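Take a look at the structure below.
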Amino acid sequence: MSTEAPLDDELIGAYLDGELPPTEAARVRARIAASAEAQRALAELQAVARLLRMAPAPAPPRDYRRVVPAPSRWERAFRWSPALATAAAVALIVVGLVNIVGSGTRISPAAAVPGPPHVPSVALRGEAEAAPAAAPSPGRADAGTSVAQAVADTPVTVETQAATERMAAAPAGLSAAGVPATPEPAPPPAAPDIATERATSSVVPATPPDLKVASPAMETPTVAAPVAASPDRWPVLFGVAGALLVTAAVTWLIRRSR
Amino acid sequence: MRDQAAVVLPGTPVVTACDNLLAARARDGDRHAFEALVARHQQSVFAYVVRLLGDRDLADDATQEAFIAAFRSIDGFRGGHFRRWLIRIAHNKALDQLRARRRRNASSLERDEAPEPAALGPEAWADRAGLTELLQAALATLPADQRATVLLRATQDLTYDEVATVLRVDLGAVKSRLARGRRRLRDFLSAHRELLPSDVRLDA
């Protein structure tokens, strides 16, 4: 009768556990029925299974819901850090691009100013007609009380005019993402002051169309010299944005691997 | 991929589906969802661990560590069978406890300390609680791997495949451990027939 697998505890156990496919189970059932020894083995296995099931499960000594650690201050702080860092980096890149494009079209007279390596690319934008207007201005910058001040101020006004118009959505995303923690968002807040300052002294901010803004602006004394400042600053911003992106990626990876 | 755990395939038992939905929410940071999972499974996790270890204090520690570990690694639960995933964690934590105890007892050359069944009188088995102790004594005669296999199959209602997954062994190992473990249990029970209620007694 044992032409197949021997009718041992393993097979009888598998039969008892319902682990055999139906046809095999039927065959094993028949074989057990034909063997007194196998019947006893089955009965013993059933008794063991019954004991295992019947013995009351020991009750837990406490409620383990309380052992779940409350999220630590750190965990809470870092829970959204990848999202925040990503949002901040994206916002920075958007602002940076908008500003570069903005400065490229507007302040192309920078070509006249000796220095920044990105000048050629700016010149490529073909704002040739703006260049002559810029020519007189570099010299005049010396007359200003503090050049540094002017350097800091002017690009901002010109740029933010463009920026506020073009990326109406971007500043919203910027503040929503919690970026204020980073130093970069300074330009947007700074802009209003300068804009109003300028509004009192000149006609510049009032004229909306891009091209018109460019040429009158060149005539105001402080405008031209500061152009050099913006190319210095944006690489830093892009560096920060890159670092934030890397941080986000690393945080994300660490969290996943945990 | 993010919501894989929340995907409920047709034919999934309701219990598993609930587990997976709760797990998906827990992964998104919902503490209450995780606590609900703990509430659903702590009984069976503790029961498994305490029988595997034969020691309530060790089992308490192992259960606690298992739930903490599960909480920390809930991101790693990629759907499927939550209880099996959880039991696997608990199993590993229990083995850690077992190893720690072995290290502590290394000098005395003791294997698992089995309560001496002969020292227990028949009155110990008079009620069902006594049955628990008898079972514990019987389980203590098994090597840990057989004990784990028998318990996972009999008290956790896992299929052979699932037991193999939890223990990281193949199907053949599950079958043979099960057979050997049950044989030992049977031998123990027939050696202590007089202690058993009639419905569990092995009739020769």
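The values are calculated or read from the model by the stated rules, or taken from the named source; none is laboratory data. Nothing here was measured: the structure is a model prediction, and the numbers come from that model. Here the Cβ positions follow ideal geometry from the backbone for every residue, glycine too, while neighbour counts run over all protein chains shown. Calculation scope for accessible area: heavy atoms of the full protein, side chains included, ligands and nucleic acids excluded. Shrake-Rupley method; radii C 1.70, N 1.55, O 1.52, S 1.80 Å.
The table below lists the values:
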read-out	value
Accessible area buried at the B-A interface, both sides summed, 1.4 Å probe (Å², nearest 100)	4200 Å²
By accessible area with a 1.4 Å probe, ligands and nucleic acids excluded, highest first: order of A:234, B:85, A:252	A:252, B:85, A:234
Separation in nanometres of the label points that stand 7 Å from Cα toward Cβ, at residue B:101 and residue A:46	3.4 nm
Net charge contributed by nearby residues that have their C-beta within less than 12 Å of residue B:36 (K/R +1, D/E -1)	+1
Residues along region B:161-183 losing 50 Å² or more of accessible surface when the other protein chains are present rather than the chain by itself (probe 1.4 Å)	B:182
